Amino acid sequence: MRPHLSRVPGVLGEIARRRAEEVVPYPLPPAPEAVPSFREALLQPGLSVIAEVKKSSPSEGAIRALDPAAAAQAYQRGGARALSVLTEPHYFGGSLEDLLRVRQAVDLPLLRKDFVVDPFMLQEARAYGASAVLLIVAVLGELTGVYLEEARRLGLDALVEVHTERELELALEAGAEMVGINNRNLTTLQIDLTAAPRLGRLAREAGFGGVLVAESGYSRREELKPLEGLFDAVLIGTSLMKSPDLEEALRALVDLNGDLSSPPDAHSPRRTC
């Protein structure tokens, strides 16, 4: 049940194929009995922030050395409603140990951010305390639905990531309840901040009533305005990680007093699915 990774181009293909070579099942620690719901956290009123813990990236190189637990606690104080934790080691400097340390440090729901290419990676996510996993349609293709069902079987939420109209169609056909729209083209690593609003509107026009998450490229509060009333959440990583004070950087992006916490307008009622 592995995707055909030879067809995945660019940097994304390189990462996915390397991850596939490394998957060797091993005895896992007992999974936590219960973890907070990722989806429900994002359905709170206003635009929820998923703050990301990562040390490096293919586009930026090394970003910062950090203590994942301390970073997570700073984000929690700053108002994050959920956290994304990178566990890919070669390009992002992450690990499952980072995920476990964050799980032990905060009570927020956690997304295991990685390049899932084997069902065993879903089991790992559950064992190390994740509430949700990332499923990238550009990697999984027609197998997206199969991985989605396996994640549900394990009690995991799944953020199904897309970047193109065709990938959005596949995500909706697979029955995704949470769709992440990445402004970054994972083949070229280029950012286009118009991608998320454009595809988000297409998703809503197609009748998608689930959770919408905008991903990548956000560094200023004004960039979040086009997301209001359309998206439920935004995932922010690099711009926060570059800041010396994570808590204050998060507070500067999201006005906890209400600017970005106003209820969605009548065009986009709060969804409950």
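Does ALA176 satisfy being touching a strand residue (DSSP E or B) at 6+ places or on another chain (Cβ under 6 Å), in a loop (DSSP other than H, G, I, E, B) and either open to solvent by less than 10 Å² (accessible area, probe 1.4 Å) or more than 24 Å from TYR91 (Cα to Cα) (or both)? Walk me through how you get there before you give the answer.
Details: touching a strand residue (DSSP E or B) at 6+ places or on another chain (Cβ under 6 Å): yes; in a loop (DSSP other than H, G, I, E, B): yes; either open to solvent by less than 10 Å² (accessible area, probe 1.4 Å) or more than 24 Å from TYR91 (Cα to Cα) (or both): yes.
Yes, satisfied.
Mind checking which pairs have a first residue in the stretch 1-15 that is outside any helix (DSSP H, G or I) and a second that is among the small types (Gly, Ala, Ser) and open to solvent by less than 30 Å² (accessible area, probe 1.4 Å), Cβ under 8 Å, 6 or more apart or different chains?
ARG2/ALA20; PRO3/ALA16; PRO3/GLY141; HIS4/GLY141; VAL8/ALA16; VAL8/ALA138
Would you be able to say whether some residue in the stretch 192-214 is within 24 Å of GLY10 (Cα to Cα), crowded, with 22+ Cβ neighbours inside 10 Å and not aliphatic (A, V, I, L, M)?
no
List pairs: first in the stretch 236-249 and farther than 10 Å from ARG64 by Cβ, second crowded, with 23+ Cβ neighbours inside 10 Å and among the acidic types (Asp, Glu), Cβ under 6 Å, 6+ apart or cross-chain?
GLY237/GLU52
Looking at (1) of a type in the set (Asp, Glu); (2) closer than 24 Å to GLY155 by Cβ; (3) open to solvent by 10 Å² or more (accessible area, probe 1.4 Å), can you tell me which one GLU52 breaks?
Against the list (1) of a type in the set (Asp, Glu); (2) closer than 24 Å to GLY155 by Cβ; (3) open to solvent by 10 Å² or more (accessible area, probe 1.4 Å), GLU52 comes up short only on (3).
Looking only at the stretch 136-150, how many residues end up being surrounded by 24 or more Cβ atoms within 10 Å (Cβ to Cβ) and farther than 16 Å from THR187 by Cα? First the steps, then the outcome.
Just the residues of the stretch 136-150 that are surrounded by 24 or more Cβ atoms within 10 Å (Cβ to Cβ), to begin with: 136-140, 144, 147.
Retained after the next criterion (residues that are farther than 16 Å from THR187 by Cα): 144, 147.
Of the residues in that region, 2 qualify.
Scan the stretch 124-137 and tell me whether some residue there is β-branched (Val, Ile, Thr), over 21 Å from LYS54 (Cα atoms), in a helix (DSSP H, G or I) and over 16 Å from the mean Cα position of the chain (by Cα). Break it down stepwise before answering.
Looking only at the stretch 124-137, we keep the residues that are β-branched (Val, Ile, Thr), and these are 133, 136-137.
If we keep only those that are over 21 Å from LYS54 (Cα atoms) too, we end up with 137.
Still in the list and also in a helix (DSSP H, G or I): 137.
The next check asks that each one be over 16 Å from the mean Cα position of the chain (by Cα); those that pass are none.
Looking through the stretch 124-137, none of the residues is β-branched (Val, Ile, Thr), over 21 Å from LYS54 (Cα atoms), in a helix (DSSP H, G or I) and over 16 Å from the mean Cα position of the chain (by Cα).
Applying the selection to the stretch 41-62, what residues are farther than 13 Å from LEU108 by Cβ and at pLDDT 90 or above?
Residues of the stretch 41-62 that are farther than 13 Å from LEU108 by Cβ, as a first pass: 43, 45-47, 54-62.
Passing the criteria: LEU43, PRO45, GLY46, LEU47, LYS54, LYS55, SER56.
State which residue is nearest to GLY93 (Cα to Cα) when the search covers only the stretch 16-27 and only residues that are open to solvent by 50 Å² or more (accessible area, probe 1.4 Å) and not in a helix (DSSP H, G or I).
Applying the first criterion (open to solvent by 50 Å² or more (accessible area, probe 1.4 Å)) to the stretch 16-27 yields 17-18, 21-22, 24-27.
Within this subset, residues satisfying the condition of being not in a helix (DSSP H, G or I) are 24-27.
Values: VAL24: 20, PRO25: 21, TYR26: 22, PRO27: 23 Å.
Within the stretch 16-27, the match that is nearest to GLY93 (Cα to Cα) is VAL24.
Within the set of pairs 6 or more residues apart or between chains, which connect a residue that is closer than 14 Å to GLU173 by Cα inside the stretch 134-147 to a residue that is open to solvent by 20 Å² or more (accessible area, probe 1.4 Å) and small (Gly, Ala, Ser) with Cβ atoms less than 6 Å apart?
THR144/ALA174; GLY145/ALA174
The values are calculated or read from the model by the stated rules, or taken from the named source; none is laboratory data. It should be emphasised that the depicted structure is a prediction, and the values quoted were computed from it without experimental measurement. Using ideal geometry, Cβ is built from the backbone for each residue, glycine included, and neighbour counts are taken over all protein chains shown. Surface areas here come from the heavy atoms of the whole protein model, side chains and all, with no ligands, DNA or RNA. Shrake-Rupley method; radii C 1.70, N 1.55, O 1.52, S 1.80 Å.
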